[in-house]
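Written out below as C-alpha cells is the structure these notes cover.
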Amino acid sequence: MPHVIIIGGGFGGLAAARTLASADVQVTLLDRSNHHLFQPLLYQVATAGLSAPAISAPIRSILADQRNLTSLMAAVSAIDVTRKVVVLEDATEISYDYLIVAAGSTHSYFGRDDWAALAPGLKTLEDAFNIRRRILMAFEYAERETDKAKRLEWLTFTVIGAGATGVEMAGTLIEIARHTLKGEFRRIDPHEARVVLLEGSERVLGAYPPDLSAKAQIQLSKLGVDVRTGCRVTDIAVDAVRYVNRDGEQRLASRTVIWSAGVAASPLGRALQVPLDRAGRVIVQGDLSIPDHPEVFVIGDLAAAVSEGKPVPGVSPAAKQMGRLAALNILSRIAGKATDSFVYRDYGSLATIGRKAAVAQVGKFKFSGYPAWLFWLFVHVYFLIGFRNRLLVMSDWAWAYLTFKRSARVISGSVDGKLAKPDEGAP
Ligand SMILES: Cc1cc2nc3c(=O)[nH]c(=O)nc-3n(C[C@H](O)[C@H](O)[C@H](O)COP(=O)(O)OP(=O)(O)OC[C@H]3O[C@@H](n4cnc5c(N)ncnc54)[C@H](O)[C@@H]3O)c2cc1C
C-alpha cells in the first residue's frame with residue numbers, strides 16, 4: 001500500500017488524516033507534540049479562564065480508531081524530496097510515497113528575536129502557561145511593591161498587535177483586572193491596572209471591514225482598554241516599551257508585554273527548496289502540491305495558496321479544507337486521475353473582545369456586541385474536538401459568566417524555587 005506521511009496534527013493534518021481513514025493507504029502522522037491544540041481558545045488558557053486539557057486532546061486518542069494510521073511523537077528536522085524521506089530529530093529517516101506538510105506557523109519578531117523573551121507570543125500550550133504565569137505574577141509583585149511608580153509598572157499590561165488574538169488578550173486582561181481580582185488584594189486596587197493595546201496600523205482588526213474594526217475599538221474602549229493605533233514599536237526592555245507615533249518617540253512603563261504582531265511560517269517550508277513568500281510560506285500550486293513534486297502537498301498556515309485569485313487566509317477552516325483536498329488529491333493521483341484545484345469556502349470571521357462584546361461577519365451579514373458574542377460562544381464550543389472538551393469549556397464558561405472568576409489561576413513553582421520573576425524573561 002502507498003505510504004502517506006503527514007507532518008503536523010493541527011487542523012490541517014488532522015483533517016487530511018481523517019479523510020484517508022478508509023482509503024487503501026498506510027498513513028504515518030508525525031507531530032512533535034502529543035496533542036492537537038484548539039488554538040482559537042488558547043488565549044483563554046493564557047488568561048487563566050480554561051485549563052489546558054479543555055482545549056487539547058492527545059492525537060493518539062483522537063485517531064485511535066483509524067486502523068491504517070500510525071501516530072508518532074517526533075519532530076521533523078529535514079525533508080529530502082529527491083530521496084522521498086523525512087528526517088526526524090534523532091536522524092531517523094522515514095520514506096514516503098506521498099507527503100503532506102502541515103507544520104503551521106510560528107511568531108515573527110521582524111528580525112528582533114531578542115524581544116521573544118521579553119514579549120512572549122501565543123502559539124503553543126507552553127506559551128500560554130508562560131503568559132499566564134507572567135500575568136498572575138505581575139499582580140503578585142504589584143501587591144508586594146511599596147513604590148507607587150514601580151507598582152504601576154507591574155500593573156501596566158501591554159499587548160502589541162491588534163489582530164484577533166491581541167484584541168482577545170486585551171479584552172480579557174482588563175476583565176481580570178476589573179472584575180476577577182476584585183476584593184482579593186489589600187494593597188493594590190486592580191482598578192489601577194492598565195491594559196494598553198498598541199497597533200502599528202490605523203485600526204484594530206485590520207482584516208475585518210472598517211465598520212466592524214471601528215465597532216471593535218469602541219467596545220474595547222468601553223471595557224477599559226487603552227487602544228493606541230498608529231504606534232510602531234521600536235524597542236522592548238524589561239520595564240518599558242518604546243514606540244513611535246505621530247507625536248514622535250514614546251516610552252510606556254510596563255513589565256508585562258505580550259506579542260501578537262507577527263506570524264511566520266514554520267521553518268520546515270525551507271526544507272522543501274521551493275519558492276517561499278515573504279512570510280516564509282510555501283507557494284503551492286492550484287492543487288496544493290509543490291512544483292516538480294506532484295507527490296508533496298503543503299497545507300494550512302504553511303501554504304501560500306490562492307483561491308479564485310485571492311490569497312487564502314491563515315485560519316483553521318482554510319487549513320481543514322486544504323487538509324481534506326490534499327488527501328483527496330493523493331487518492332486521485334494513486335488512481336491515475338486528475339487532481340482538483342483548491343477553492344476556499346469562506347464561512348465568515350468572528351472575533352471576541354470580552355464579555356458580551358464581539359464582532360462577526362457571516363456572508364453579507366455583519367453584527368457586533370452581545371449577539372456576536374453569543375454566536376462566538378456557540379461556534380467555538382461546536383468546533384471543539386471531543387464531547388468531554390465541550391462539556392469542560394461550557395461548565396467553565398458558565399461559572400466564569402456567573403461569578404467573574406477564572407478557574408485556572410494556579411502559578412506552578414514558588415518564588416524561592418526555580419520560578420523567575422516575570423521581568424527576567426525566563427520561559
Ligand atoms: C492564538 C491563536 C488564535 C487563533 N484564533 C483563530 C480563530 O479564532 N479562528 C481561526 O479560524 N483561526 C485562528 N487561529 C489560526 C489557526 O489556529 C491556524 O490557522 C490553524 O491552526 C492552522 O492549521 P495548521 O494545521 O496549518 O497548523 P497548526 O494547527 O498550527 O498545526 C501544526 C502542527 O504541526 C506540528 N509541527 C510543527 N512543526 C513540526 C515539526 N517540525 N515536526 C513535527 N510536527 C511539527 C505542531 O506541533 C502542530 O501540532 C489562531 C491561531 C492562534 C495562534
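All of the numbers you see were taken from the coordinates with simple rules; none came from a lab. Computed from a predicted structure; not experimentally measured. Because the Cβ atoms are built from the backbone with ideal geometry, glycine has one as well, and the counts that use them run over all protein chains shown.
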Rounded to the nearest 500, the 222 nm mean residue ellipticity computed for the chain from DSSP H runs (n ≥ 4, each -39500 (n - 2.57)) alone is -9000 deg cm²/dmol
The chain: spread of alpha-carbon positions along the three principal axes, whole Å, largest first, is 71, 51, 44
Sort Val381, Val274 so that the residue with the fewest other Cβ atoms within 10 Å of its own Cβ comes first and the one with the most comes last.
Val381, Val274
Two pseudo-spin positions, 7 Å from Cα along C-beta at Glu308 and at Lys364, lie apart in nanometres by 1.5 nm
Which residue fluctuates most in the GNM of the chain (Cα springs below 10 Å): Ser33, Ser254, Ser61?
Ser61
Roughly what % antiparallel, to the nearest 5, for the DSSP beta bridges in the chain?
55 percent
Relative contact order computed over the chain (Cα-Cα under 8 Å; 6+ residues apart), in percent:
20 percent
Spin-label point model (7 Å from Cα, Cβ direction): what's the Arg251 to Leu391 distance in nm?
5.5 nm
For the stretch 190-342, what is the relative contact order in percent, using Cα pairs closer than 8 Å and at least 6 residues apart in sequence?
13 percent
Decide, for the stretch 141-237, between rounded, prolate and oblate: order the square roots of the alpha carbon gyration tensor eigenvalues as a ≥ b ≥ c, take rounded if a/c falls under 1.5, and otherwise choose prolate if a/b is larger than b/c, else oblate.
oblate
For the stretch 298-427: Kirkwood Rh in Å [reciprocal of mean 1/r, alpha carbons]:
18.7 Å
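Could you give the size of the charge dipole of the stretch 76-179 about its Cα centre, using +1 on the Cβ of each K and R and -1 on the Cβ of each D and E, expressed in debye and rounded to the nearest 20? Let's see the in-between values first.
On the way: 12 positive and 16 negative charges, 88 e Å.
Value, rounded to 20: 420 debye.
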Gaussian network model of the chain, springs between alpha carbon atoms under 10 Å - residue of Gln273, Gln217, Gln44 with greatest fluctuation:
Gln273
Given Tyr109, Ser71, Ala128, which one lies farthest toward the positive end of the charge dipole of the stretch 19-134, if we put +1 on the Cβ of every Lys and Arg and -1 on the Cβ of every Asp and Glu?
Ala128
Separation of the stretch 1-18 and the stretch 91-128 by C-alpha centroid, Å?
18 Å
Highest GNM mean-square fluctuation, the chain, Cα pairs closer than 10 Å: which of Gly386, Gly336, Gly12?
Gly336
With respect to the cross-link table entries Lys222/Lys310; Lys123/Lys222; Lys148/Lys215; Lys150/Lys356; Lys182/Lys364; Lys310/Lys337, which display a Cα-Cα separation exceeding 30 Å?
Lys222/Lys310; Lys148/Lys215; Lys150/Lys356; Lys182/Lys364
Could I get the Rg over Rh figure for the stretch 6-150? Both from C-alpha atoms, Rh via Kirkwood, rounded to two places.
1.10
To the nearest 20 debye, what charge dipole does the stretch 280-424 have about its Cα centre, counting +1 at the Cβ of each Lys and Arg and -1 at the Cβ of each Asp and Glu?
700 debye
Above 22 angstrom, tally the Cα pairs of the stretch 82-171 and express them as a % of all pairs, no decimals.
51 percent
Below 8 Å between Cα atoms, with a sequence gap of 6+, how large is the relative contact order for the stretch 134-200 in percent?
41 percent
Rg from C-alpha atoms of the stretch 161-307, normalised by the globular rule of thumb 2.2 N^0.38 Å, equals 1.37
Expressed to one decimal in nm², the mean projection of the alpha carbon convex hull of the stretch 265-306 is 2.6 nm²
With +1 on the Cβ of every Lys and Arg and -1 on the Cβ of every Asp and Glu, and nothing else charged, how large is the dipole of the chain about its Cα centre, in debye rounded to the nearest 20?
1200 debye
